[in-house]
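What follows is one structure encoded as structure tokens, with my remarks underneath.
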Amino acid sequence: MESQVAIASPTMKKFLIIINSILLFTTNCAGPLITRLYFIRGGSRIWLSCSIITAGFPLTLFLLIISYFYRRKSDGPEGTKIMFMTRNLFIASLISGLVTGIVDYFYAFGSAKLPVSTSSLLISTQLVFTAIFAFLIVKQKFTSYSINAVVLLTLGAGILALGAGSDRPAGESSKAYIIGFIMTLVAALLYGFVLALNEVSFRKTKRAIAFTLILEFQMMMCFFATAFCVTGMLINKDFQAIPREAKEFELGEGKYYMIMVLSAILWQIFFVGAVGVTCYSSALLSGILIAASLSVTEVLAVIFFHEKFGGEKGFSLALSLWGFVSYFYGETKLNKKMKNIAIAAEMTQSPPI
């Protein structure tokens, strides 16, 4: 009989949600900073930067190999049969990967033209798009609190748009800044679609949602995204430019390659966390966590990169945090209500003594 590695209990599921949430939150705080550091210290290759975002996918292979041998030891040869994705999940990973590749390019372009604090606030609008796609694709049910969170983040992005251009980096043209602004918003929209697509793909699969299955999906998604971006690198002749750019990098050649490696590791952990949260919980929770982590990134950008943080950014940040708190307060109330309903139903069904 074929072994199925499923989530054993609600407690284990909550544990995995928490772990993946931590991975997503922390790496999405640091990822934008390391990406921006490449550009402000002399880097200029957009296709190279976007390739690095998903190029760490081979790291996931080590986790899968460890899981393979562990399951083979504990369950025998039958325990390894469920490691491989279904055809539908493979197709979903292909579509998700190609769209992610486009998102990476748009995001890298925005990172090259915009301050981190601005691009982070723009990317936080993906929550709005995630909510829309979750409603259309996943049939996500909304509470008044989740709707309030979406509205607040939308208002925050709108306020930021009104002050667009006031923080344009020195030497950056107005045209390039506006294009970067628009491309970052489009990246947010497309990633909202990716999160919803991933959730509905796993909901429809007939396989047990083991963590190894999530790793496989995430690895293939990043593989296709990297293939898309590497094609752009080949056309743009980025590979030939890397040695020259490394020698001219302000922080030195060694730190240039260190930044590349660190960026690849951070973003790969981010994707593991994002896919994990989406599959074990929902695309909407992933969107909320991303929006909240970017609020922290904005503050860190001001500290480390000395970026301007005017009144419109402060107000936008306040609205984002308010939306984040609103969502989780609503989720807490909903979970408590569902728990009380379950207890009441159990007491009703219990036979009298």
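The values are calculated or read from the model by the stated rules, or taken from the named source; none is laboratory data. The shown structure was predicted, so the numbers you read here are calculated from the model rather than taken from an experiment. We place every Cβ from the backbone using ideal geometry, glycine too, and count neighbours over all the protein chains shown. Surface areas here come from the heavy atoms of the whole protein model, side chains and all, with no ligands, DNA or RNA. Shrake-Rupley method; radii C 1.70, N 1.55, O 1.52, S 1.80 Å.
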Write out, first by first residue and then by second, each pair whose Cβ atoms fall under 9 Å of each other, whose residues are 6+ apart or on separate chains, and whose first residue, in the stretch 169-196, is more than 24 Å from Ile132 (Cβ to Cβ) and of a type in the set (Asp, Glu) while the second is open to solvent by 40 Å² or more (accessible area, probe 1.4 Å) and part of a helix (DSSP H, G or I).
Glu172/Lys113
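Out of everything in the stretch 78-94 that is open to solvent by 80 Å² or more (accessible area, probe 1.4 Å) and part of a helix (DSSP H, G or I), what residue ends up being modelled with the highest pLDDT?
Applying the first criterion (open to solvent by 80 Å² or more (accessible area, probe 1.4 Å)) to the stretch 78-94 yields 81, 84, 87-88, 90.
From the residues that got through so far, the ones that are part of a helix (DSSP H, G or I) too are 81, 87-88, 90.
Values: Lys81: 54, Arg87: 87, Asn88: 89, Phe90: 92.
So, considering only residues that are open to solvent by 80 Å² or more (accessible area, probe 1.4 Å) and part of a helix (DSSP H, G or I), the one modelled with the highest pLDDT is Phe90.
Having 3 or more residues that are open to solvent by 80 Å² or more (accessible area, probe 1.4 Å) and more than 30 Å from Trp47 (Cβ to Cβ) is the bar; report the helices (runs of 4 or more DSSP H) wholly within the stretch 238-353 that clear it.
On the way: elements: 238-248, 253-280, 283-305, 311-349.
Once the helices (runs of 4 or more DSSP H) in the stretch 238-353 are filtered for at least 3 residues that are open to solvent by 80 Å² or more (accessible area, probe 1.4 Å) and more than 30 Å from Trp47 (Cβ to Cβ), what remains is 311-349.
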The one condition Ile65 fails out of (1) in a helix (DSSP H, G or I); (2) over 21 Å from Thr212 (Cα atoms) is (2)
So Thr231 clears everything in (1) in contact (Cβ under 8 Å) with a residue 40 or more places away in the chain; (2) part of a helix (DSSP H, G or I) except one condition, right? Which one?
(1)
Condition check for Ala196: in a helix (DSSP H, G or I), open to solvent by less than 60 Å² (accessible area, probe 1.4 Å) and at pLDDT 90 or above:
yes
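If you go through the stretch 113-133 one residue at a time, how many are outside any helix (DSSP H, G or I) and either of a type outside the set (A, V, I, L, M, F, W, C) or under 10 Å from Leu153 (Cβ atoms) (or both)?
3
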